[in-house]
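The values are calculated or read from the model by the stated rules, or taken from the named source; none is laboratory data. Given the structure is predicted, the values throughout are model-derived calculations rather than measurements. Cβ placement follows ideal geometry from the backbone for every residue including glycine, while neighbour counts extend to all protein chains displayed. Side chains are part of the model used for accessible areas, which takes the heavy atoms of the whole protein and leaves out ligands, DNA and RNA. Shrake-Rupley method; radii C 1.70, N 1.55, O 1.52, S 1.80 Å.
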Amino acid sequence: MTESPSWPVETAVVDLDDGTSLALHLCSPDDERGVVILIHGIFGSKEDFDTVLPALAEEGFSACALDLRGCYESTSPGPFSLEVFAEDVIDLVDEIGSDIPVHLVGQGFGGLVAEEAALLEPDFWDSVTLVSSGPGGLGRTRPLGYVEDALAEHRPLVEIHREFLDLLGLTVDHPSAFVDERVARTDPHAVTAMIDAVEHTPDRSAQLCATGIDFHVVYGEHSDSWPVDAQVAMARKFGADPVVLKGCSDHPAEDRPEATARALVQNFLELD
């Protein structure tokens with residue numbers, strides 16, 4: 001894998017039947033070994049994966065990151081729920097079409113979306129990788145509870161996000177102008193649905209194992225959104241060895257994109 005992959009990140013839009021438009025970032029190599037769909041977390045977007053997409057393309061995988069409906073550049077009239085987010089991912093794969101292996105990767109809340117998609121259409125996926133995520137929700141934590149209450153009060157989403165970062169201890173160099181922009185363009189109803197899912201989704205490890213899909217678990221050394229012991233226990237239930245990325249937080253794709261791509265590719269190749 002090269003230090004500076006040459007594959008350009010391209011943009012695309014997929015229009016769904018219900019009026020939703022999904023904004024995508026893609027990298028497509030000449031010879032594809034598989035397709036990788038990447039799903040962001042709460043307050044995230046496709047740009048969270050811009051540095052890992054070319055690294056995956058260098059390894060021969062066509063990589064596609066999307067804005068979930070109502071997030072940043074993906075517009076939607078609704079509705080918003082964990083199931084609908086997952087159905088959009090399934091519709092995206094239907095639209096793209098693929099006769100080669102399809103691998104699903106979800107970061108944080110995106111992991112819950114990936115799990116839901118796996119349960120809805122288990123035959124679609126050759127593997128599912130959960131990055132800094134868990135087998136179910138977290139319950140009502142202080143940061144999540146704050147966002148839920150502030151949304152109910154109809155406070156500006158940018159203001160809510162800044163306070164959310166403060167509660168997580170992520171105030172240094174955050175938020176950037178870009179982050180403010182994407183949060184401002186995100187539908188509060190989409191965030192409300194995400195918070196609801198992260199607070200109330202039950203542990204679905206048994207159902208996920210029953211799908212027969214190969215599941216993998218990756219998290220940063222300093223990951224703290226989902227308890228690390230819960231992520232390790234989840235990996236054991238899947239019969240997988242968790243991959244710990246040194247020097248990374250909950251967002252290893254941003255912290256160490258090359259190492260993240262290597263970890264993902266190694267998981268994919270285990271299926272060959």
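Okay, here's what the table says:
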item	result
Test: residue in region 174-185 that is more than 30 Å from Ala240 (Cβ to Cβ), in contact (Cβ under 8 Å) with a residue 12 or more places away in the chain, buried (at least 21 other Cβ atoms within 10 Å of the Cβ) and in contact with a Leu (Cβ under 9 Å, 6 or more places away or on another chain)	yes
Ala197 vs. criteria aliphatic (A, V, I, L, M), at negative phi and touching an Asp or Glu at 6+ places or on another chain (Cβ under 9 Å)	yes
Number of the condition not met by Pro29 [criteria: (1) touching a Cys at 6+ places or on another chain (Cβ under 9 Å); (2) open to solvent by less than 40 Å² (accessible area, probe 1.4 Å); (3) in a loop (DSSP other than H, G, I, E, B); (4) farther than 30 Å from Asp196 by Cβ]	(1)
Residues (farther than 18 Å from Val113 by Cα, among the charged types (D, E, K, R) and in contact with a strand residue (DSSP E or B) (Cβ under 9 Å, 6 or more places away or on another chain)) located in region 237-261	Lys237, Asp241, Lys246, Asp255, Arg256
Long-range neighbours under 7 Å by Cβ, at least six apart or interchain, first residue assigned to a loop (DSSP other than H, G, I, E, B) within region 229-256, second open to solvent by less than 30 Å² (accessible area, probe 1.4 Å) and of a type in the set (Val, Ile, Thr)	Ala240/Val217; Pro242/Val217
Unique match (being touching a residue at least 60 places away in the same chain (Cβ under 8 Å), under 14 Å from the mean Cα position of the chain (by Cα) and under 27 Å from Gln207 (Cβ atoms)) among Val35, Val105, Val89	Val105
Residue satisfying all of: in region 32-42; outside any strand (DSSP E or B) and at pLDDT below 95; surrounded by the most Cβ atoms within 10 Å (Cβ to Cβ) among these	Arg33
Residue within region 138-158 that is open to solvent by less than 30 Å² (accessible area, probe 1.4 Å) and of a type in the set (Ser, Thr, Tyr) present	no
Count of region 146-173 residues which are farther than 18 Å from His189 by Cβ and either without any contact (Cβ under 8 Å) to a residue 12 or more places away in the chain or part of a loop (DSSP other than H, G, I, E, B) (or both)	7
Candidates Glu121, Glu59, Glu83 - the one that is charged (D, E, K, R), surrounded by fewer than 23 Cβ atoms within 10 Å (Cβ to Cβ) and closer than 28 Å to Gly247 by Cα	Glu59
